[in-house]
There are 2 protein chains.
Amino acid sequence: MKTYFFPDRKDWKALLQRPTFDASSLIQKVQTVLADVKQNGDAAVKKYTQDFDGVNINALEVSEQEINEAATLLSNELKQAIQTAAVNIKLFHSKQIATPETIETMPGIQCWRKSIGIEKVGIYIPGGSAPLFSTVLMLGIPAGIAGCKEIILCSPPNKEGKLHPAIIYAAQLVGITKLYKVGGVQAIAALAYGTETIPQVYKIFGPGNQYVTCAKTLIQQEGIAIDMPAGPSEVCVMADESCNAAFVAADLLSQAEHGADSQVLLVAFSEEMVNKVNDEIEKQLKELSRKEIAVKALANSKAIIVNNIEEAIDLVNEYAAEHLIISCNNAETVAEKIINAGSVFIGNYSPESVGDYASGTNHTLPTNGFAKAYSGVSVDSFVKKITYQKLTQQGLQHIAQTVEVMAAAEGLDAHQKAVRVRSEK
Amino acid sequence: MKTYFFPDRKDWKALLQRPTFDASSLIQKVQTVLADVKQNGDAAVKKYTQDFDGVNINALEVSEQEINEAATLLSNELKQAIQTAAVNIKLFHSKQIATPETIETMPGIQCWRKSIGIEKVGIYIPGGSAPLFSTVLMLGIPAGIAGCKEIILCSPPNKEGKLHPAIIYAAQLVGITKLYKVGGVQAIAALAYGTETIPQVYKIFGPGNQYVTCAKTLIQQEGIAIDMPAGPSEVCVMADESCNAAFVAADLLSQAEHGADSQVLLVAFSEEMVNKVNDEIEKQLKELSRKEIAVKALANSKAIIVNNIEEAIDLVNEYAAEHLIISCNNAETVAEKIINAGSVFIGNYSPESVGDYASGTNHTLPTNGFAKAYSGVSVDSFVKKITYQKLTQQGLQHIAQTVEVMAAAEGLDAHQKAVRVRSEK
């Protein structure tokens with residue numbers, strides 16, 4: 001980590017800038033796959049699965065046998081952990097359902113709003129080194145609570161043409177309706193356009209590599225909704241003298257192990273604290289299996305020393321971290337002043353990893369400073385809210401003059417007329 | 001309107017398809033303006049205002065004098081109408097504020113979620129034939145309720161270098177913090193990147209022509225949030241024998257007058273009813289000032305005759321109209337079965353134009369079938385929701401095993417370690 005001492009406010013923006021990734025070199029490749037799957041459906045999906053995942057898949061859908069088998073392949077310990085996490089996630093998310101309330105804005109004018117689950121949603125779970133069954137919980141549970149009717153999961157098969165049993169187990173647990181062994185751009189294309197086997201959906205969720213991210217961006221332009229724009233995962237830790245340097249180091253490392261492009265930011269109040277944390281990082285690094293990845297991520301990471309807590313708050317609000325850990329005195333009071341962050345972890349016993357798995361909050365969060373305008377995934381992400389209005393004849397009389405005057409001033413006669421034809425009656 | 005008789009379900013998708021507009025021919029032009037404003041700020045904004053709006057603007061910001069003057073240039077009748085509409089819109093939207101609730105998912109594990117207004121938002125109001133002051137209310141009011149700190153409005157100047165006083169008046173009424181006389185792509189660029197005069201914002205709202213829409217799509221790819229994808233405005237009317245053909249015709253015309261590309265769809269149960277509505281359209285058309293526009297829109301519009309109400313409901317759910325008017329028996333029961341629509345107007349006395357102006361609901365709604373996944377604008381659109389978790393040392397003990405087992409199974413040691421280093425203490 002490079003250390004920055006009391007940087008000037010005018011330099012913050014540049015200092016906090018994330019590395020930009022130029023996706024333009026991928027666009028043509030991704031567009032080719034999208035167009036091919038749109039045109040040729042399953043045949044194209046199978047071809048790219050052979051090309052990119054190196055496996056020849058006959059049946060794209062995960063079979064009932066594979067589903068039944070999954071639970072038998074996992075330890076009871078892991079199944080219990082997944083169940084416990086699911087209970088907490090369900091508890092937290094079930095409070096996000098809004099009940100409609102009718103508002104009579106004027107006598108005889110009733111207005112209300114109702115949340116309705118998006119009928120068909122797609123969940124993408126990446127393959128690669130780790131089977132991200134936790135993300136199955138984080139997306140599948142709110143989808144179920146929202147009342148989505150079709151919840152389709154796509155994830156790339158391994159060399160044996162299978163999904164990891166923990167992914168299948170988590171999917172079953174949360175009520176995913178269909179599972180397909182398809183990954184990469186071909187999965188996003190199949191979900192966006194539909195194929196003979198894979199149903200088209202209206203919104204696509206989930207993390208992925210740069211190709212998947214690029215595909216999501218492109219299909220969003222065609223009107224398919226996506227969860228949010230994506231960037232590398234990141235954590236910011238604010239640490240004063242009340243922190244435990246070993247805990248802070250462990251939190252920074254748990255972010256750094258995600259990928260070489262992970263962002264790690266330490267905001268501290270003294271060089272001494274930064275040194276202590278660095279010493280702990282050195283010590284803990286040795287024991288990590290993903291040490292090499294973490295070392296690369298740390299090379300691009302920053303420790304920033306600021307003058308006081310107010311400056312620290314302003315700085316982290318400017319950064320808008322995906323995960324913000326507050327290991328400071330009066331951490332809860334500090335948390336109240338945070339206006340830009342994905343998820344906030346308060347105090348010395350709230351590591352990011354509890355939110356990643358099991359505290360109950362969602363781990364699909366805005367990266368890359370997007371927390372200034374975007375929220376993490378919640379039940380809201382899986383519903384659309386329809387508004388309704390019902391006017392009585394008398395209700396219309398109350399508002400007729402207002403609508404007619406405004407419509408006339410905007411030069412829209414027919415709008416005026418639609419009220420007048422009724423009030424003349 | 002072309003009439004379709006009892007179309008087969010398998011043909012619905014094609015029948016309900018909106019005309020597609022290929023924006024690719026605009027992209028290069030739009031990118032040039034975006035890049036120029038990003039690079040050259042105010043100077044570029046002024047240059048394009050001269051080029052596209054034909055007016056040389058010295059001061060981009062609307063002056064205090066212009067603001068004070070605006071109210072004096074409007075009739076009391078119009079000011080009263082704007083105020084009445086604002087009261088209803090405020091009433092309806094103020095109920096959309098969610099109060100945070102803390103959930104203890106396990107003893108010692110507290111989780112909650114808080115809505116925080118997006119700090120800086122931009123509102124774009126198009127110029128052209130009609131001054132859309134109603135849209136100022138529809139975007140400014142929820143922004144204020146959400147607690148956005150900077151609410152920036154851009155709208156193109158007229159040939160005298162001014163904004164319409166009704167736009168200025170509405171902006172003042174709802175608490176817009178700054179107004180700029182800038183329109184088109186240069187306005188979107190200024191809001192996205194900031195200039196010497198115009199502040200950068202995190203999310204951009206508002207309708208616009210194809211250039212503005214294209215600019216919003218492009219800046220969205222750079223991480224600036226936008227309200228929703230855009231398409232031509234549209235209405236669908238479901239009308240059975242309980243409807244009043246004159247009312248239905250007036251509603252179809254009030255949509256048709258918006259633009260030649262407006263979409264109008266009538267779903268009926270008999271040819272007789274379609275004929276009655278067509279006769280009324282002919283009659284009412286004669287009196288409209290925007291007759292030519294309406295005639296063009298109607299030429300592309302469709303009347304679909306279906307067998308029964310269940311089929312009608314399925315059809316309109318497949319269409320996912322921006323505005324859906326239900327002029328049928330038991331309209332409220334029918335409305336309960338609608339799962340895809342922007343806003344629903346129930347019964348014979350609820351014309352679309354009341355929602356456009358003053359019933360209280362928002363008129364910024366998903367077009368083009370986007371209602372399958374998107375909601376209309378609401379207070380939700382102007383906030384982001386941050387999640388929080390606070391664990392006691394004991395709370396962490398309750399969840400430690402779960403997190404450690406899951407992290408290990410995902411191959412993420414450092415995540416496991418971040419818990420263990422704390423529980424070992």
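The values are calculated or read from the model by the stated rules, or taken from the named source; none is laboratory data. In this text, all values refer to a predicted model and were calculated from it rather than measured experimentally. All Cβ positions, even for glycine, are placed from backbone atoms using ideal geometry, and neighbour counts span all protein chains on display. Quick note on the areas: whole protein, heavy atoms, side chains included, nothing else; ligands and nucleic acids left out. Shrake-Rupley method; radii C 1.70, N 1.55, O 1.52, S 1.80 Å.
Numbers at a glance
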| read-out | value |
| --- | --- |
| Top-ranked residue of segment B:359-368 - restricted to ones that are out of contact with any strand residue (DSSP E or B) (no Cβ under 6 Å at 6 or more places or on another chain) and either facing another protein chain (nearest Cβ under 7 Å) or open to solvent by less than 10 Å² (accessible area, probe 1.4 Å) (or both), ranked as modelled with the highest pLDDT | B:N362 |
| Candidates A:K159, A:K178, A:K149 - the one that is more than 30 Å from B:T367 (Cβ to Cβ), of a type in the set (K, R) and more than 19 Å from the chain's Cα centre (by Cα) | A:K159 |
| Selection within segment B:263-290 - modelled with pLDDT under 90 and more than 9 Å from chain A (Cβ to nearest Cβ) | B:Q263 |
| Number of the exception - B:L412 against (1) buried (at least 24 other Cβ atoms within 10 Å of the Cβ); (2) modelled with pLDDT under 95; (3) touching a Leu at 6+ places or on another chain (Cβ under 9 Å) | (3) |
| Members of segment B:72-86 that are open to solvent by 80 Å² or more (accessible area, probe 1.4 Å) and either under 21 Å from B:S353 (Cα atoms) or hydroxyl-bearing (S, T, Y) (or both) | B:T72, B:E77, B:Q80 |
| Some residue of segment A:397-416 being in a helix (DSSP H, G or I) and touching a strand residue (DSSP E or B) at 6+ places or on another chain (Cβ under 7 Å) | yes |
| Condition met for A:Q221 (among the polar types (S, T, N, Q), free of Cβ contacts under 8 Å to residues at least 24 places away in the same chain, surrounded by fewer than 24 Cβ atoms within 10 Å (Cβ to Cβ) and in contact with a helix residue (DSSP H, G or I) (Cβ under 8 Å, 6 or more places away or on another chain)) | yes |
| Segment A:87-130, subset open to solvent by 10 Å² or more (accessible area, probe 1.4 Å) and of a type in the set (S, T, N, Q), residue modelled with the lowest pLDDT | A:S129 |
| Within segment B:6-41, tally of residues that are over 25 Å from B:G183 (Cβ atoms), of a type outside the set (K, R) and touching a residue at least 12 places away in the same chain (Cβ under 8 Å) | 6 |
| Test: residue in segment B:272-284 that is under 26 Å from the mean Cα position of the chain (by Cα) and open to solvent by 20 Å² or more (accessible area, probe 1.4 Å) | no |
| Residues satisfying the stated conditions in segment A:285-298, i.e. open to solvent by 100 Å² or more (accessible area, probe 1.4 Å) and not in a helix (DSSP H, G or I) | A:K286, A:E287 |
| Residues that are touching a Leu at 6+ places or on another chain (Cβ under 9 Å) and assigned to a loop (DSSP other than H, G, I, E, B), drawn from segment B:109-118 | none |
| Count - residues of segment A:335-354 that are open to solvent by 10 Å² or more (accessible area, probe 1.4 Å) and touching a helix residue (DSSP H, G or I) at 6+ places or on another chain (Cβ under 9 Å) | 5 |
| Residue list for segment A:380-396, filter: more than 7 Å from chain B (Cβ to nearest Cβ) and in a strand (DSSP E or B) | A:V383 |
| Test result for A:V55, buried (at least 23 other Cβ atoms within 10 Å of the Cβ) and touching a Lys or Arg at 6+ places or on another chain (Cβ under 7 Å) | no |
| Matching residues in segment A:406-424 - criterion: being free of Cβ contacts under 8 Å to residues at least 12 places away in the same chain and in contact with a Phe, Trp or Tyr (Cβ under 9 Å, 6 or more places away or on another chain) | A:M406, A:A409, A:E410, A:A418, A:V421 |
| Residue list for segment B:28-51, filter: hydrophobic (A, V, I, L, M, F, W, C) and surrounded by fewer than 14 Cβ atoms within 10 Å (Cβ to Cβ) | B:A35, B:A43 |
| Filtered residues of segment B:216-256 (kept if of a type outside the set (A, V, I, L, M, F, W, C) and in a helix (DSSP H, G or I)) | B:K216, B:T217, B:Q220, B:D251, B:S254, B:Q255 |
| Qualifying positions in segment A:88-108 - at the interface with another protein chain (Cβ under 8 Å from one of its Cβ atoms), under 24 Å from the mean Cα position of the chain (by Cα) and not in a loop (DSSP other than H, G, I, E, B) | A:N88, A:L91, A:F92 |
| Within segment A:190-218, considering residues that are open to solvent by 20 Å² or more (accessible area, probe 1.4 Å) and aromatic (F, W, Y), the one nearest to A:P156 (Cα to Cα) | A:Y211 |
| Residue within segment B:60-71 that is open to solvent by 80 Å² or more (accessible area, probe 1.4 Å), within 25 Å of B:V354 (Cα to Cα) and under 29 Å from the mean Cα position of the chain (by Cα) present | no |
| Test result for B:I176, under 26 Å from B:Q83 (Cα atoms) and open to solvent by less than 30 Å² (accessible area, probe 1.4 Å) | yes |
| Failed criterion for B:V377 (all others in (1) part of a strand (DSSP E or B); (2) more than 7 Å from chain A (Cβ to nearest Cβ); (3) of a type in the set (A, V, I, L, M) hold) | (1) |
| Test: residue in segment B:312-319 that is facing another protein chain (nearest Cβ under 9 Å) and within 23 Å of the chain's Cα centre (by Cα) | yes |
